[in-house]
Each structure stands twice: as structure tokens, then as C-alpha cells.
Amino acid sequence: MDTPRYKTIISVLNSSNEGFDEYIEMSKRISLFVETDGASEANGMMEESYVAQYTVLQDILYKQALEKKKNELC
């Protein structure tokens, strides 16, 4: 998942941030799902709740990363 948000999160945060490791694992699972056109998941489908959870976690971590970058500039 080479999105700008993903790149910001992984370049600023690390395993000491709550939810970071989970986010990385979720990113890998979703990337594999996309790369295999769904073949990596049972019935070729991924639960909407999983994708929603990923999105919420990404938003939280992205905000943390932006705040950390802002604080480092001050």
C-alpha cells in the first residue's frame, strides 16, 4: 500500500506507537488481497469491517505522524 498516508506513517512512526504493528500487518493483508485479485481471502472477499477498521487505524496513525512531524519542526 504505497499511498502518501502509508509512506508518512512508516517514515515517522515506529513499533513504539500503539497500533503501528497492527497497521503494518493489516496493510500487508490488504495489499496481498489486491495483488491476488482476492484469491488470498476465503471466497475471494474481505470483510467490510476489516477494511473499515484499517481505515480508522490509518486515520489515527496519520494524525499522530503529522503531529510528530509538526513538533519536530518546532
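Rule-based calculations on the coordinates, nothing more; no lab input. Here the structure is a predicted model, which is why all the values come from computation and not from measurement. Note that we place each Cβ from the backbone using ideal geometry, even for glycine, and neighbour counts take in every protein chain shown.
Six or more apart or on different chains, Cβ under 7 Å: which pairs go from a residue in the stretch 1-28 that's closer than 15 Å to VAL51 by Cα to one that's part of a loop (DSSP other than H, G, I, E, B) and of a type in the set (A, V, I, L, M)? Could you list them?
Final answer for the pair search is SER27/MET1.
Looking at the stretch 42-74, which of its residues are small (Gly, Ala, Ser) and either closer than 16 Å to GLU22 by Cα or in contact (Cβ under 8 Å) with a residue 40 or more places away in the chain (or both)?
SER49, ALA52, ALA65
With more than 30 Å from GLU72 (Cβ to Cβ) and of a type in the set (Ser, Thr, Tyr) as the only criterion, which of TYR23, TYR50 stands out?
Exactly one residue qualifies, and that residue is TYR50.
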